[in-house]
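Have a look at the structure below, then the notes.
The values are calculated or read from the model by the stated rules, or taken from the named source; none is laboratory data. Just so it is clear, the structure is predicted and the values come from calculations on it, not from any experiment. FYI the Cβ positions are ideal-geometry reconstructions off the backbone, even for glycines, and counts take in every protein chain you see. Only protein heavy atoms, including side chains, enter the accessible area calculation; ligands, DNA and RNA are left aside. Shrake-Rupley method; radii C 1.70, N 1.55, O 1.52, S 1.80 Å.
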Amino acid sequence: MSNVFVLLFAREARLLCRRPAELANPLVFFAIVIALFPLAVGPETQLLQRISPGLVWLAALLAVLLSLDGLFRGDYEDGSLEQWVVSPHPLALLVLAKVLAHWVFSGLALVILAPLLGLMLGLPGSAMPVLLLSLLLGTPVLSLLGAVGAALTVGLKRGGLLLALLILPLYIPVLILGSGALQAALQGLPAAGYLLWLASLAALALTLTPFAIAAGLTISVGE
Amino acid sequence: MPSPFLEALSLTCERDWRVLFEGLDLEIRAGEMLQVSGPNGSGKTSLLRLLGGLMQPTQGEIRLNGKALLAQRAEVARNLLWIGHAAGIKGLLTAEENLVWLCALQRPSTRDAIWTALDAVGLRGFEDVPCHTLSAGQQRRVGLARLHLDAPPLWILDEPFTALDKLGVAQLERHLAEHCERGGMVVLTTHHTLGERPAGYRELDLGRAA
């Protein structure tokens, strides 16, 4: 059973690596959105620093959402999902492998890129560990929750906007906790509470959403 | 008479408020081949998806070995090979990579067996070519190579002859007939008349049944 998990993870990673443009899109989007803000609100370091927690998190959230629209579409159109559903392996395990592979190449890449963009916004070095840790805990939740929406809208020709409408409200707790942690770090307050909450959300999403994603896909395939 | 392996009891299928077929009964026993035919939109693919457990019937029941299909997913998965209209082939992966994964999903197979199967469907020399560079017929052959591996007894194939050349069609017909003669079962949809039919061949015309 775990063998299939590893194989699917490797297969998805291979597929993503053969389409580097799709990998780069969310990252470039993330970088551009953050680069646009100083242009829009002016180069005042104080102001930028104050709004940077919300900004980084909002940009990360939109970048993840952008990358999720096509998450299952290819598998739906080429019949892979049907093969998953008729296979003897639990669908929840398969979707977990798929979403994790997707997260490693999008969410994790965002986490690695974030300190650089944080510096651009004038975030002090002391806030960097919290920025990294909060994104590291928060982006898997964004990917997993988004995958639920992607599974439900996969059968629709143009599911992109509907996906955003379905999923953005669910992102609110992650956004509040993530930017809250960074805000606290900026003011020199302990951020551990926020991070622990994020960690518990991550654990919850990791254990529960695969079942919701699997159910969504079964419905979409059975249509 | 052996008991039916797969049976459908008064099956009704409705899609988008339209009744595709009603009160359909069918039985499939070891060694039988069922060709589902009928005009476009008569519910051929829907019937196949119902039999494969991908969809739920509006009314009626499908049984595998006398027990409800939906209550024994693992058992169904062990006995069923499903190749839909799209065969689950990724264009970015090579023929071999595609097959390794599709086999791992159901019954793990060795590299040698996969190369032999690709050879059997006439894809020798194309094992490590990305599938999107292959022609439509060759891509179809990649999917059909699974039939030459250690396959479960019941095959459900949706339009397996699409895009195949004459020789490919003849080879596949023979392979399907041989599978039935060995005690396997095949349910398929196709518009063309099968040249080679096993002893247990039957046809179900959905256009006439409705």
**Q.** trypsin sites (Lys or Arg not before Pro) within segment B:152-184, DSSP loop, no more than 15 other Cβ atoms inside 10 Å
**A.** B:ARG182
Q. What whole-number value in Å² describes the accessible area per residue of segment B:1-157 for a 1.4 Å probe?
A. 42 Å²
Q.
Can you work out the Karplus-derived ³J(HN,Hα) for every residue in segment A:124-135? Use 6.51 cos²θ - 1.76 cosθ + 1.60 with θ = phi - 60°, whole Hz, and x for glycine or proline.
A. x, x, 5, 8, 4, x, 5, 4, 4, 5, 5, 5
Q. List for segment A:192-223: residues with 30 Å² or greater reduction in accessible area, all protein chains versus chain alone, probe 1.4 Å?
A. A:VAL221, A:GLY222, A:GLU223
Q: Could you work out how far the C-alpha centroid of segment B:1-70 sits from that of segment A:63-95, in angstrom?
A: 26 Å
**Q.** Accessible surface of segment B:3-154 [probe 1.4 Å, protein heavy atoms]: carbon and sulfur percent
**A.** 49 percent
**Q.** For the pair A and B, total buried accessible area rounded to nearest 100 Å², probe 1.4 Å
**A.** 2400 Å²
Q. Which GluC sites (Glu not before Pro) in segment A:16-100 pass both tests, a DSSP loop state and at most 16 other beta-carbon atoms within 10 Å?
A. A:GLU44
Q: Could you pull the Cα extents of segment A:2-222 along its three principal axes, largest to smallest, in whole Å?
A: 56, 33, 29
Q. Assuming R0 = 56 Å, what is the FRET efficiency of A:GLN49 and B:SER3, from their Cβ-Cβ distance, to the nearest 0.05?
A. 0.15
Q | Separation of the A:LEU162 and A:ALA13 label points, Cα + 7 Å toward Cβ, nm | A | 3.4 nm
Q.
Do any residues of segment B:71-93 show a loss of at least 40 square angstrom of accessible area between the isolated chain and the full protein assembly, using a 1.4 Å probe, and if so which?
A. B:ALA77, B:TRP82, B:ALA86, B:GLY88, B:LYS90, B:LEU92, B:LEU93
Q. Percent of accessible area on chain A owned by carbon and sulfur, 1.4 Å probe?
A. 74 percent
Q: Enumerate the amide H contacts of B:ASP150 below 5 Å, restricted to partners 5 or more residues apart or on another chain; note that Pro and chain-start residues carry no placed amide H.
A: none
Q. Using the Cα gyration tensor of the protein assembly as shown, with a ≥ b ≥ c the square roots of its eigenvalues, what is the shape: rounded (a/c below 1.5), prolate (a/b larger than b/c) or oblate (neither)?
A. prolate
